[in-house]
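Nothing in this text is a laboratory measurement; each read-out follows from the coordinates by a stated rule. Since this is a predicted model, take the numbers as computed values, not measurements. In this analysis, Cβ positions are derived from the backbone assuming ideal geometry, glycine residues included, and neighbour counts consider all displayed protein chains.
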Amino acid sequence: MENVTVRSVMTRRVATIGMDETIMDASRVMGMEKVNCLVVMGGRSAVGMITDSDITRHVVGRGLNPKETKVSEIMSSPLIFVSPDDRVEKAKETLSSRKVNRLAVVENGNLEGIITDADISKAGTIKENQAPTSIDSHFFEGMTKKPDWDRGSGFCDFCGNHEDNLVTSGDEKLCRNCLEKKRSSGHNWVSRKKSGQSFTG
């Protein structure tokens, strides 16, 4: 493993979010991509990370409004990163010393990927400079836990409340209460996600 580079095992596809976007936006991206971590971008530069645990701890736990709180307010920054040409051993040591579970991979100021504990565990089966067979084969594996989104947890697209049992209805993720309102209103339902209007039925 000491001869394997980060480039050989890193995940090349990375879900990102702008630092000026809201926590509600970040929640939706996590839900769509089925990940629990986003790299935060400031323009073209990666400047930090945000996880579902950050949202739970710093937004839900403090009672902040996810539609008004910006990603920049709770993201982890400065960004901890390694180079794609660094050895996997260096990435492993950095993960341990910084007590994190994932690192951004940056080359010449450009975000190239992300490397996690699971990626490193695979390094022993990969020869030096061998490229992954598919850049999507281990998309965001190795996070601290399976994304909450697999269990339907997140912010309701209508009322904005954080719920553990969201239900997908059309292109919206709704809490049970809003789902019942949608069903009872029928064609009178107005999607706030699309129009920005409030439910009045």
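One table, with the values for the structure above:
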read-out	value
For the range 50-97, projected area of the alpha-carbon convex hull averaged over all directions, nm²	4.4 nm²
Inter-probe distance in nm under a simple model that places probes 7 Å from Cα toward Cβ, at residue 159 and residue 60	1.5 nm
Ranked by how many other beta carbons lie within 10 Å on average, peptides 29-42, 96-109 from highest	29-42, 96-109
Least to most buried among 94, 11, 168 (fewest other Cβ within 10 Å first)	168, 94, 11
